[in-house]
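A short worksheet on the structure shown next.
FYI, it's all coordinate maths here, none of it is from the lab. These figures come from a predicted structure and were not determined experimentally. With ideal geometry, Cβ positions are generated from the backbone for all residues, glycine too; neighbour counts draw on all protein chains shown.
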Amino acid sequence: MTHILAIDQGTTSTRAILFDADMMPVATAQEEFPQVFPQSGWVEHDPSDLWSTTAATCRAAIEKAGLRATDVTAIGITNQRETTLIWDRATGQPIHNAIVWQDRRTADICRDLADHADMVSAVTGLLLDPYFSATKVKWILDHVDGARDRARTGELAFGTVDTWLIWNLTGGASHVTDATNACRTMLYDIHAGAWSQAICELLDIPMALLPTVHDCAADFGITRPDLFGRPIPILGVAGDQQAATLGQACFKPGMVKSTYGTGCFALLNTGDTPVASTSRLLTTIAYQLDGKPTYALEGSIFIAGAVVQWLRDGLKMIREAKETQPLAENSDLDQPVILVPAFTGLGAPYWNADCRGAIYGLSRNSGPEELARAALESVGYQTRDLLDAMRADWAGQAGDASLRVDGGMSASDYAMQFLADIIDAPVDRPRVLETTALGAAWLAGQRAGLYPDQAGFAARWALDRTFAPAMAPADRARKYHQWTRAVRATLTYAGAD
């Protein structure tokens, strides 16, 4: 048994990646699944899609690698965070579609609870926002007949996506999660390391719903024998952004990584100290090993790679994401088009659930080239917003000057060069871009004794390319000023000013 199977369950697709004993990917299988948009600002998944694509891609990756289940030492899981499911413990059937992290339907609930925002933040490190699981759980219990009573009697189970997958992988034997997923629910006390009874009572969420919380590297259960041909232990779990932090070997305080998937998420390792943000960032658990949490400051952007999907699926402007780079390179630089991709609201550091997307600076000559450039550059601008906020919160502390990047959009040289230019710092792209899956694989592999410890893993991190800032300071200042003006105008239109 010399391989680790990593499950990477994301917002628009599920992937399974097999890593060998040297932590190199040897086979990948991926399946997309449909998104469900019942109303403006609402985003759902069919829970059966999450499970069926997971089972199918795992089998496909093993087959593609020419391996058998007996060659797989363990499974690691990483997943989209905050997405919320509730199901019947007896039948395993969900009582509602999964409500996705992007969903904004609980904005009114958050406004009604505004008087409790400080308490929620002090306990969980999070802002009172629809982004997190807690108000989604409340919404399901409020809107599904009899759900709250059934939850009180222990008939129902809540879980983020990792919990749902583990439940199905183990045939209902394990109702568990890890600390990094638990801390994103807005129900978990990151200081006490336990579910918060006070917040559960505030939202009328029965604690009988909640899973058991483990370290990121732990015994999460064993797969059903019929799934892959033999039982395989599940030994590692981390939410996608925390898994990417691990995969980027950001083990030292001050190290920063930014992942560009559907959204964009930057994490700054703050060590064993939870830093309370004054810049509307999140205080979260980066990872937890041997019962000891390591904390981070996180900035979350709702729309990053999803803006390219919008160009493809919404505007039908491109067929593949890679087409954006030549379009952007051929754009008219004298047209300062700014796209604020607030399709489901604005995340950190603005946290406005009511904003929607806006484009500024259009002229009669604006076309696909200018829109592609604006889409790619919007990710750089939003990242600078996050890093500026982190610098304010981390003032006086030593930190890395460079930013480690990963995720699908990090493959775009144009986007990464603009990112380096606008943040005025080097951007380091690793040789292995599958850092999220690698982080989950490392957790399971080191738990199984196949992979090295933190120091050994960090020594193997390999650089592909550094993007050095090359933009003139005056141009950088002018461009970022245009961005901040566009964001202020968007907030004003949404009634925030």
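Return a whole-number percent for the relative contact order of the chain, with Cα pairs under 8 Å and 6 or more residues apart as the contact set. Could you put the intermediate results ahead of the total?
Numbers: 1134 pairs, mean separation 73.5, N = 497.
Relative contact order here is 15 percent.
Quick check on the chain: helices-only [θ] at 222 nm, where DSSP H runs of length 4 and up contribute -39,500 (n - 2.57) each and the sum goes over total residues. Nearest 500, please.
That calculation yields -10000 deg cm²/dmol at 222 nm.
Just rank 128, 268, 463, fewest to most, by other beta-carbon atoms within 10 angstrom.
Sorted ascending by nearby Cβ count, the order is 463, 128, 268.
Could you give the size of the charge dipole of the stretch 144-291 about its Cα centre, using +1 on the Cβ of each K and R and -1 on the Cβ of each D and E, expressed in debye and rounded to the nearest 20?
Rounded to the nearest 20 debye, it is 340 debye.
Would you work out if the stretch 116-175 is rounded, prolate or oblate? Take a ≥ b ≥ c from the square roots of the eigenvalues of the alpha-carbon gyration tensor; rounded if a/c is under 1.5, else prolate when a/b is larger than b/c, oblate otherwise.
oblate
Residues with amide H under 5 Å of residue 286's amide H, sequence separation 5 or more or different chain, H placed in the peptide plane at 1.01 Å from N; which?
The answer is 294, 295, 296.
About its Cα centre, what dipole magnitude does the chain give when the only charges are +1 on Lys and Arg Cβ and -1 on Asp and Glu Cβ, stated in debye to the nearest 20?
360 debye
Which trypsin sites (Lys or Arg not before Pro) in the stretch 361-422 pass both tests, a DSSP loop state and at most 15 other beta-carbon atoms within 10 Å?
Filter output for the stretch 361-422: 364.
Could you estimate the translational diffusion coefficient of the stretch 307-349 from the Stokes-Einstein equation, with Rh from the Kirkwood formula over C-alpha pairs, at 10 °C and 1.306 mPa s, in whole µm²/s?
Numbers: Rh = 12.0 Å.
Approximately 132 µm²/s, per Stokes-Einstein.
With θ set to phi - 60° and the Karplus curve 6.51 cos²θ - 1.76 cosθ + 1.60, what are the ³J(HN,Hα) couplings of the stretch 7-18 in order, to the nearest whole Hz, using x for Gly and Pro?
9, 10, 9, x, 6, 10, 7, 10, 10, 10, 10, 9
In whole angstrom, how far apart do the alpha carbon centroids of the stretch 419-470 and the stretch 123-141 sit?
31 Å
Which one of 172, 117, 43 is farthest out on the positive end of the charge dipole of the chain, using unit charges on Cβ (Lys, Arg +1; Asp, Glu -1) and the Cα centre as origin?
43
Which of 72, 43, 26 comes first, and how do the rest follow, when ranked by fewest Cβ neighbours within 10 Å? All intermediate terms of the calculation are to be shown ahead of the outcome.
Details: 72 25, 43 22, 26 15.
Fewest-to-most ranking of 72, 43, 26: 26, 43, 72.
With the dipole of the chain worked out from charges on the C-beta (+1 for Lys and Arg, -1 for Asp and Glu) around the Cα centre, which of 197, 77, 362 lies farthest toward the positive end?
Result: 362.
In sequence order, what are the phi-derived ³J(HN,Hα) couplings for the stretch 341-350 according to the Karplus relation 6.51 cos²θ - 1.76 cosθ + 1.60 with θ = phi - 60°, rounded to whole Hz, with x for glycine and proline?
Going residue by residue, I get x, 8, 5, 10, x, 9, x, 5, x, 8 Hz, with x marking Gly and Pro.
From the phi of every residue in the stretch 303-315, what ³J(HN,Hα) in whole Hz does the Karplus formula 6.51 cos²θ - 1.76 cosθ + 1.60 yield, where θ is phi - 60° and glycine or proline is x?
Each residue of the stretch 303-315 in turn: 10, 10, x, 5, 6, 6, 4, 5, 4, 7, 8, x, 8 Hz.
Hey, how many Å between the Cα centroid of the stretch 1-31 and the Cα centroid of the stretch 179-255?
19 Å
Please name whichever of 143, 55, 157 sits farthest to the positive end of the charge dipole of the chain, dipole taken about the Cα centre and charges placed at Cβ: Lys and Arg +1, Asp and Glu -1.
Of the candidates, 55 comes out farthest on the positive side.
Distance between the C-alpha centers of the stretch 39-76 and the stretch 266-320? Whole Å please.
Their Cα centres are 23 Å away from one another.
Based on DSSP, what percent of beta bridges with both residues in the stretch 3-241 are antiparallel, to the nearest 5?
65 percent
Let's see if you can work this out: charge +1 on each Lys and Arg Cβ, -1 on each Asp and Glu Cβ, no other charges. What is the dipole magnitude of the stretch 3-241 about its Cα centre, in debye to the nearest 20?
380 debye
Rg and Dmax in Å for the stretch 3-241, alpha carbons only: what are they?
Reported Rg and Dmax, both Å: 17.7, 57.
Antiparallel DSSP bridges in the chain: what percent, to the nearest 5?
Restricted to the chain, the bridges split so that about 70 percent are antiparallel.
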